[in-house]
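Asks: Have a look at this one.
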Amino acid sequence: MNSAAMMPLALPHPSAPPGETRLLADWYTTGRPATLNDHLTRYGPPPVAAALGSRTSVPLVEAVEAAGLTGRGGAGFPTARKLRAVAERRGRAVVVVNAMESEPASCKDQFLSTVAPHLVLDGAVLAAAAVGADTVHICLPRDRATQHRQLSAALDERRRARLDPVRLRLQALPHPYVSSESTSLVRWLNGGPARPQGSPPRTHERGVHRRPTLVNNAETLAHLALIARYGPDWYRQAGTPDEPGTTLVTLSGAVAATGVLEAALGTSITTLLDRAGEPTEPLQAVLLGGFAGTWLPRAHLHTPLARRDLAPLGAAPGAGVLIALPRAACGLSETAQILAYLAAHSARQCGPCHLGLPAVAEDFTALAAGRADPGLLPRLRRRTGLLPDRGACRHPDGAARLAASALRAFADDVDHHLTHGPCPAAHQPPRIPIPPATPPETWR
Ligand code: SF4
């Protein structure tokens, strides 16, 4: 879904309750990407002066804190804490916009930065004002020429309008899966390979050119741009008290319409599927969060899309990805394919990715093929359990979460595969499009 050629679609608007369409409001009004004029007509210029803070108080950070904004890149980290950690450092800071979106099943950031580029850029400029930065780097995959052209045109519009008090730079990075990890961006901007680097130093202390660096996801910054204008109370009118606001979700799989939708946090998974025109086949499960996400069996589809409700199921919204898996598919085969991709797309720097993850992927392929091996399941469980918390980044942790959730969600299939061999669906082509599992050609 996340291919450069395919322009992601927004799902039909009418199905969303009023107040739940914020980032995509202009898109639904005009049906075309917003120019700077459209943007300024709807929102006015970014309130940079109001964002400017002092060493003791930074109004924008306090507003973001009161709003309860969390990151939309996958980890859900409180945005105000990130802003404050950089703002409190000495020296000129740097802001990095993470629009890499290496998650193959996600295209929300690509869509947002195409249809509402100035919301993302406003957010970056406001964040820069709040943390005392003079430079913003907007990081995109170099294999997305269309997106580059569109964002470059948006930057030209702003330059001609002399809108921004900071330098905005578009950066074209290599696009392996783990190159969207925040330390990979900083490492590449410092002239190194776009691979994760362990810490210390932490990016908010010494990041780009050894300066305090703020890395934020494109969608997070767009929300920040609206909070700066409308305030925390407005932001909290959508979502739940614990998880306020709206979020962008990429829906795919066995649904009538695939694409990006905006919904209030706390909306149930079933409602999200219905907004995608309902499932096209009876479902057995959904993959939530992306390739490094969690399988949720059909019995849990009433669960709200909120961290608090998903955590007991070992799940999280992740990068806002929802893939509907039909009953006619084989969840074990789909999982084996995804694990093979994740194993091939690690940075191969740490033990868990050198040995552990490829071994888990191999075991899962054997399970999907129904290879008779009494030691297979205990070995797979043991190896999966050894992956988390041992790498320089969370890549193996995500793979372990996916594998463990598949063993739970498809437990009946596990027994069947090990006792009677693969189910008929295991011989069918996979339902989830998976990019080639070939190791990245370059990291620079
Ligand atoms: S954990 Fe894996 S993906 Fe992450 S840095 Fe280490 S080798 Fe790379």
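Here, each number is a calculation from the coordinates, and none is a lab measurement. These figures come from a predicted structure and were not determined experimentally. Positions of Cβ are generated from backbone atoms using ideal geometry, with glycine treated the same way; all protein chains shown enter the neighbour counts.
Asks: For segment 20-235, report the % of Cα-Cα distances exceeding 24 Å. Don't skip to the answer; put the middle values down first.
Replies: Working: 8403 of 23220 pairs.
Summing the P(r) of segment 20-235 above 24 Å gives 36 percent of all pairs.
Asks: Would you mind checking which residues have amide H under 5 Å from Gly207's amide H? H placed 1.01 Å from N; only 5 or more apart, or other chain.
Replies: Sorted by chain and number, the residues that satisfy this are Thr213.
Asks: Would you mind putting 163-173, 323-333, 371-381 in packing order, based on average other-beta-carbon counts within 10 Å, highest first? If you can, show how the numbers build up before the last one.
Replies: Numbers: 163-173: 16.9, 323-333: 22.8, 371-381: 13.5.
Highest-to-lowest ranking by the protection proxy: 323-333, 163-173, 371-381.
Asks: His209 to Arg371: extension gain in nm, 0.36 nm per residue of separation minus the Cα-Cα distance?
Replies: Values: separation 162, 0.36 × 162 = 58.32 nm, distance 5.16 nm.
Computed gain between His209 and Arg371 is 53.2 nm.
Asks: For a quick size check, give me the Cα extents of the chain along its three principal axes, largest first, whole Å.
Replies: 68, 47, 38
Asks: Could I ask something else about it? Show the residues, 5+ positions off or on another chain, whose built amide H is closer than 5 Å to the amide H of Leu305.
Replies: Result for Leu305 returns Gly266, Thr267, Ser268, Ile269.
Asks: Still on this structure, I have one more. Which of the peptides 256-262, 175-181 is most tightly packed, and how do the rest follow, going by the mean number of other Cβ atoms within 10 Å of each residue?
Replies: The peptides rank, most packed first, as 175-181, 256-262.
Asks: How long are the semi-axes of the equivalent ellipsoid of segment 246-326, taking √(5λ) for every eigenvalue λ of the Cα gyration tensor, in whole Å from largest down? Show your work: numbers first, answer last.
Replies: Numbers: eigenvalues 56, 39, 25 Å².
Calculated on Cα positions only, the semi-axes equal 17, 14, 11 Å.
Asks: Still on this structure: Could you work out the equivalent-ellipsoid semi-axes for segment 331-427, taking the square root of 5 times each eigenvalue of the Cα gyration tensor, largest first, in whole Å?
Replies: Values: eigenvalues 110, 30, 24 Å².
Over the Cα atoms of segment 331-427, the ellipsoid semi-axes are 23, 12, 11 Å.
Asks: When all alpha-carbon pairs of segment 204-284 are counted, what percent fall beyond 17 Å? Mind dumping the intermediate values first?
Replies: Details: 1954 of 3240 pairs.
The answer is 60 percent, as a whole percent.
Asks: For Gly253, what residues show an amide H to amide H distance below 5 Å, using hydrogens built from the backbone and excluding near sequence neighbours?
Replies: Here Ala324 satisfy the definition.
Asks: Counting pairs of alpha carbon atoms under 8 Å apart in space and at least six apart in sequence, what relative contact order in percent does the chain give?
Replies: Numbers: 920 pairs, mean separation 75.5, N = 444.
Relative contact order comes out at 17 percent.
Asks: Tell me the angle of helix 331-344 to the major Cα principal axis of the chain, expressed in degrees between 0 and 90 and rounded to the nearest ten.
Replies: Its long axis makes an angle of about 60 degrees.
Asks: Same structure again: So what's the back-of-envelope 222 nm ellipticity for the chain, counting only DSSP H runs of four-plus at -39500 (n - 2.57) apiece and dividing by all residues, rounded to 500?
Replies: Working: 17 runs with 173 residues, N = 444.
Computed ellipticity for the chain at 222 nm equals -11500 deg cm²/dmol.
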